[in-house]
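Novice: Before I ask anything, let me first share the structure, which is written out below as structure tokens.
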Amino acid sequence: MAGFVHKFDHDATDIALDVGAGRLTARSAAEGFIARTLMKESDIQAFAAFNRELVLEQADRVDRNPEKGVLAGVPIGVKDIFDTMDWATEFNSPIYRNNRPSRDANSVALLRQAGAVIMGKTATAEFAFMHTGPTRNPHDPSRTPGSSSAGSAAGLAAGLFAAALGTQTAGSLIKPASYCGLYAFKPTRNLVSLEGVKPLAPSFDMVGWYSVSARDLGLIARVLIPGLPKYVAADRRLKLGFCKTPYWGMAQPDVQQAVSAAAASLAERGHDINEIVLPSAFETVASDHQLINDCEGARALRKEQRASAESMSPPLAEMFERASGTSWETEVVTRYRLASLVSVMNAAIDPYDAVIAPSCAHVAPIGLAATGTSDFIRLWTAFGLPQTNIPLMRREGELPIGLQIIGSAFSDVKLLHCVEILSAILDTGYRSALPE
């Protein structure tokens, strides 16, 4: 283990409170993260674009503004499929080299208005699909940090910023969180605006974010989901469903053991745990999601393919080939099959405050090209449900394993509340177990 993982002595909430109260300047906070970036970025390669002077200019504007905002001075990484007016937005594609948007994506604008400092653009897979970038996992640089939001996850785990924006169409947010030992939150579909975000598969594309604490997830949620109410709980004892999913047999033994142990720990602390077994009809959800993802991706990127097919990677070419071999009738039948399961899924999970499940089938694989299956994540993403990742306790030197926490549609506030309760039991500060 190379030991790149940062020892977090404060999270985004701490920074915002300190800058807002005048105990810390946004510039000082930014300078600390800049110094760490200059020291570690060559090993991690989390950034697609980074400019020290742009970062400090933003921080100085925050310091001059008497209204600091709820994210005052918080350095945030932004996945390079979000438009930014001061950095190029290139989607990890030569087709968009030095592409300069005229304005920020909605999510980026909201973060800035809340006082956040954008640290730079983080590396992504080509068009947020499969062809990965150079980013390495800070826990072990010989291993992948995950799929298309990998730069955001790896950069946060390495301490290059205090929070990060990502997206998820299949497993691109939760998987890197699991591999890198982070908290992540993907809200219910359509709660966060996708304006200014390059589309891939509109039926599934969703904005999400990473943090190093449960409370930071809620802090950012209240910025990116305007009008999100507070949750008032009558009882801190939760009723939780434990869903091993149809893919449990794919999981490595240590993943099965860690997730089962987490469920047992929660039961020991007084939470009501009941196993959920989904009907066999859900065994096709992952493949159905993939088919629709391919068809919508081919449509979303058709203009690029027609103009510059030679500049696209082999995985993207394979997506176009699969889509072209899928008949209209097959796609429609697949969509109807997924739609028919919505009420079944709702009936299965609605009785619970939240559902727990594995985030991934394995720890981060060796190598940078293959990121492993996303089936444990697709199962819930296919229905637009809110999803989170909690990093589970691991012994020193072991790779992270994630526990996925899922809510019913539009139960986002309750889900964030559940994550705060569960994290107090399950999170042990794993990131600080590795040497600086």
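Novice: Pull up the stretch 79-98, narrow it to residues that are touching a residue at least 40 places away in the same chain (Cβ under 8 Å) and not in a loop (DSSP other than H, G, I, E, B), then point me to the one that is surrounded by the most Cβ atoms within 10 Å (Cβ to Cβ).
Specialist: Among those residues, the one meeting the criterion is LYS79.
Novice: Another question, then. Would you pick out the residues in the stretch 358-377 that are at positive phi and in a loop (DSSP other than H, G, I, E, B)? Steps first, please.
Specialist: Within the stretch 358-377, the first condition is being at positive phi, and the residues that meet it are 367, 372.
Across the stretch 358-377, the qualifying residue is only GLY372.
Novice: Next question, about the same structure. Out of all the residues in the stretch 142-165, which are closer than 14 Å to GLU41 by Cα and of a type in the set (Gly, Ala, Ser)?
Specialist: Scanning the stretch 142-165 gives ALA150, GLY151, SER152, ALA153, ALA154, GLY155, ALA157, ALA158, GLY159.
Novice: Return the pair list, or none, for Cβ contacts closer than 8 Å from residues in the stretch 26-43 that are farther than 20 Å from THR13 by Cβ and touching a residue at least 12 places away in the same chain (Cβ under 8 Å) to residues that are surrounded by 20 or more Cβ atoms within 10 Å (Cβ to Cβ) and charged (D, E, K, R), at least 6 apart or on different chains.
Specialist: Every condition considered, the pairs that remain are ASP43/ARG136.
Novice: Which pairs do you get when a residue that is in contact (Cβ under 8 Å) with a residue 12 or more places away in the chain, found in the stretch 121-136, comes within reach of a residue that is among the basic types (Lys, Arg), reach meaning Cβ atoms under 9 angstrom, with the pair 6+ apart or on two chains?
Specialist: From residues that are in contact (Cβ under 8 Å) with a residue 12 or more places away in the chain, the pairs are LYS121/LYS79; THR122/LYS79; ALA123/LYS79; THR124/LYS79; PHE127/LYS198; ALA128/LYS79; ALA128/LYS198; ARG136/ARG143.
Novice: Can you pull out the residues in the stretch 113-142 that are surrounded by fewer than 20 Cβ atoms within 10 Å (Cβ to Cβ) and outside any loop (DSSP other than H, G, I, E, B)?
Specialist: Listed by number, the list holds a single entry, GLN113.
Novice: Now a separate question. Could you tell me which numbered condition PRO101 fails, if it satisfies all but one of (1) surrounded by fewer than 23 Cβ atoms within 10 Å (Cβ to Cβ); (2) in a loop (DSSP other than H, G, I, E, B); (3) free of Cβ contacts under 8 Å to residues at least 40 places away in the same chain; (4) not hydrophobic (A, V, I, L, M, F, W, C)?
Specialist: (3)
Novice: Would you be able to say whether some residue in the stretch 59-76 is assigned to a strand (DSSP E or B) and either in contact (Cβ under 8 Å) with a residue 40 or more places away in the chain or crowded, with 17+ Cβ neighbours inside 10 Å (or both)? Show your work before the answer.
Specialist: As a first pass, look at the stretch 59-76 and keep what is assigned to a strand (DSSP E or B): 75-76.
Applying the additional criterion that residues be either in contact (Cβ under 8 Å) with a residue 40 or more places away in the chain or crowded, with 17+ Cβ neighbours inside 10 Å (or both) yields 75-76.
Yes: one or more hits.
Novice: A further question follows. Determine which member of the set GLY241, GLY196, GLY208, GLY181 is touching a His at 6+ places or on another chain (Cβ under 9 Å) and surrounded by 16 or more Cβ atoms within 10 Å (Cβ to Cβ). Break it down stepwise before answering.
Specialist: Numbers: GLY241 fails: touching a His at 6+ places or on another chain (Cβ under 9 Å); GLY196 fails: touching a His at 6+ places or on another chain (Cβ under 9 Å); GLY208 fails: touching a His at 6+ places or on another chain (Cβ under 9 Å).
After applying the criteria, what remains is GLY181.
Novice: A further question on this structure: I need the full set of residues from the stretch 265-297 which are under 24 Å from the mean Cα position of the chain (by Cα) and loosely packed, with under 13 Cβ neighbours inside 10 Å, in order please.
Specialist: SER287
Each value in this text was obtained by applying a stated rule to the coordinates, not by laboratory testing. A quick note: this is a predicted structure, and the numbers were derived from the prediction, not measured. Heads up, the Cβs are rebuilt from the backbone with ideal geometry, glycines too, and the neighbour counts pull from every protein chain shown.
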